[in-house]
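Have a look at the structure below, then the notes.
The values are calculated or read from the model by the stated rules, or taken from the named source; none is laboratory data. These figures come from a predicted structure and were not determined experimentally. So basically every Cβ, Gly included, is an ideal-geometry build from the backbone, and we count neighbours across all protein chains shown. Accessible surface areas use protein heavy atoms only, side chains included; no ligands, DNA or RNA. Shrake-Rupley method; radii C 1.70, N 1.55, O 1.52, S 1.80 Å.
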Amino acid sequence: MVDKKVVLQGYEDIADVYAEERSPSDEEQKALASFFKKLSTESRVLDAGCGGGKPVLQQLTSQSQWATGLDFSAQQLEKAQSNAPEARLLRGDMTRLPLSGSTIDAVLAYHSLIHVPAGEHQAVIDEFARVLRPGGHLLVSEGPGEWQGTNQDWLDADTEMQWYIAGAEATRVQLENAGFQIETEYGAPNTLAEDEEASWIFFDATRDRR
């Protein structure tokens, strides 16, 4: 079970170490690049769980002059201020986004939903739908199967971290419940070579236009 206080403290404690470790794989880069192509300089984009601003928020500021990063860790946001100085930064919880409804063109949740307690995943996805304008885009990562766990020495930094991964099947249902139409699943079997195995699946979805 994920304890938000433990996750927050973990990210506060390892801000420097985490900044050095966060590097997307080739499959992740493919999903991100496809998402970025949908943006214009006028797109209002939210990086939900932006961490220290790398790699996503930093890239978003070169794509959009309206990039916003949200995180619940003050230490991570301090890093983000340095790495993406042009971005607007907000401190908050993804289950209660500090944004008005239908004001965002695109939301990206890169390895952030996986730290949310099991019973709150649908609430987070519902919040993404609430702040997105009709037809807005969402890119969210999840593991292929359900898994939860704790690491007492994450990144060899003597810091505890916890995860809850809902898995691809549950995430599809949650996205559909929130009114999203899934367009592409990067990391799904049909996007991989025969000898590859997915570590992550990125769901590229669009909010219902109604």
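Of the numbered criteria (1) of a type outside the set (D, E, K, R); (2) in contact (Cβ under 8 Å) with a residue 12 or more places away in the chain; (3) open to solvent by 60 Å² or more (accessible area, probe 1.4 Å); (4) under 19 Å from Phe72 (Cα atoms), the one Gln122 fails is (3). Would you check if Val140 is surrounded by fewer than 24 Cβ atoms within 10 Å (Cβ to Cβ), of a type in the set (Val, Ile, Thr) and under 19 Å from Gln181 (Cα atoms)? It is false that Val140 is surrounded by fewer than 24 Cβ atoms within 10 Å (Cβ to Cβ), of a type in the set (Val, Ile, Thr) and under 19 Å from Gln181 (Cα atoms). Considering the range 104-150, the residues that are in contact with a Phe, Trp or Tyr (Cβ under 6 Å, 6 or more places away or on another chain) and in a strand (DSSP E or B) include one that is farthest from Val173 (Cα to Cα), namely Gly149. In the range 72-87, the condition of being open to solvent by less than 20 Å² (accessible area, probe 1.4 Å) and farther than 20 Å from Ile14 by Cβ is met by at least one residue. The residue that is surrounded by the fewest Cβ atoms within 10 Å (Cβ to Cβ), counting only those in the range 56-66 that are without any contact (Cβ under 8 Å) to a residue 40 or more places away in the chain and within 27 Å of Lys5 (Cα to Cα), is Gln58. Which numbered condition in (1) assigned to a helix (DSSP H, G or I); (2) over 17 Å from His115 (Cβ atoms) is the only one that Thr68 fails? Just one mismatch for Thr68, condition (1).
Whether any residue in the range 102-109 is open to solvent by 20 Å² or more (accessible area, probe 1.4 Å) and out of contact with any Lys or Arg (no Cβ under 9 Å at 6 or more places or on another chain) is what I want to check. Checking the range 102-109: not a single residue is open to solvent by 20 Å² or more (accessible area, probe 1.4 Å) and out of contact with any Lys or Arg (no Cβ under 9 Å at 6 or more places or on another chain). Selection within the range 143-166: residues that are of a type in the set (Gly, Ala, Ser) and touching a strand residue (DSSP E or B) at 6+ places or on another chain (Cβ under 7 Å). The member of this set that is surrounded by the most Cβ atoms within 10 Å (Cβ to Cβ) is Ala166. Scanning the range 59-110 for residues that are within 26 Å of Ala178 (Cβ to Cβ) and small (Gly, Ala, Ser) turns up Ser64, Ala67, Gly69, Ser73, Ala87, Gly92, Ser100, Gly101, Ser102, Ala106, Ala109.
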